[in-house]
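Trainee: I am attaching a structure below and will ask some questions about it afterwards.
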Amino acid sequence: MLRLTKSHQASIRPAESAMIMRVPPAAETETNVAYSLKTSSLIDAPLCPKGLILMCGQMGALSRDLSDWSDRMRAVVMVVSENGMTLDWLREYAPKLDFLLVDSDYLGDTESTIDFCMQVRRATPRLPLVLVSSEIRSHDFTCERMMACDVTLKPPLLHTALTLGVQAAYQNNDYYQRSR
C-alpha cells in the first residue's frame, strides 16, 4: 500500500488488518547509488557526479526540498543570492557544478528572472540550468525555453519531479550545445 501525503498533512495510519512488511534489498544491489533515468532505458550514470549543486535563491522550503533530494544523490547544495554570485565567479566554478537551480520567486518578476537566466546561459552555456517558478502551470521538461533554461519546475519539488527534471536538463543542455 502506497500513500502519498503532503508534508503539512498528518500521516494516515493503515488499518489494523493491513500487513506491512519491509523487504531488505538484495545483497548485490547498491541501495545508495542514484541512477539517472531516460525514457528508453535505465543508464548507469549518476545524476550528480560532481557532488555540488548551486542554488540561486534563499534558504527556505525550496532549498530544503533540494537538499533532501541532494542527500539521496550524495551531493551538496550551495545556496547563494544573485548579488553574491558574479558571472566571473560562475565561469570559474561552473565546471565543478552539476547544475544551477534558480528560484524565480526569489528573484522577483518574470522579466528579471529571464534576464538573469539569459546572462547565466551566455556566461556558462554548458552548465545545466533548472528554473523553479510558482507562476507556471506545471513542470516543463521541454526545450522551449532553452535560451534561458533547460527545464522549468513548479514548486513544491518532489523527488520524482527533481529526478526527471535534472535528467531532462542534462539532455536539453546537450541539445542546446549541439544547436548553437
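Rule-based calculations on the coordinates, nothing more; no lab input. Worth saying up front: this structure is predicted, and the values here are computed from it rather than measured. When we count neighbours, we look across all protein chains shown, and the Cβ atoms used for this are built from the backbone with ideal geometry, even at glycine.
Trainee: Evaluate the relative contact order of region 47-180 (contact order divided by residue number), counting alpha-carbon pairs under 8 angstrom at least 6 apart; express in whole percent.
Mentor: For region 47-180, the relative contact order is 23 percent.
Trainee: Output ³J(HN,Hα) for region 156-163: one whole-Hz value per residue in order, computed from phi by the Karplus curve 6.51 cos²θ - 1.76 cosθ + 1.60 with θ = phi - 60°, and x for Gly and Pro.
Mentor: Karplus values, whole Hz, x for Gly and Pro: x, 8, 7, 4, 5, 4, 5, 4.
Trainee: Hand me the trypsin sites (Lys or Arg not before Pro) from region 95-145 located in a DSSP loop with no more than 15 other Cβ atoms within 10 Å, in residue order please.
Mentor: Hits after loop and neighbour filter: R126, R137.
Trainee: Calculate, for K96 and S134, the FRET efficiency according to 1/(1 + (r/R0)^6) with r their C-beta to C-beta distance and R0 35 Å; round to the nearest 0.05.
Mentor: Values: r = 29 Å, r/R0 = 0.84.
The pair K96/S134 has a calculated efficiency of 0.75.
Trainee: Which shape class, rounded, prolate or oblate, goes with region 42-173 when its Cα gyration tensor gives a ≥ b ≥ c as root eigenvalues, a/c under 1.5 marks rounded, and past that a/b bigger than b/c marks prolate? Don't skip to the answer; put the middle values down first.
Mentor: Numbers: a/c = 1.24, a/b = 1.12, b/c = 1.10.
Judged from the Cα gyration tensor, region 42-173 comes out rounded (a/c under 1.5).
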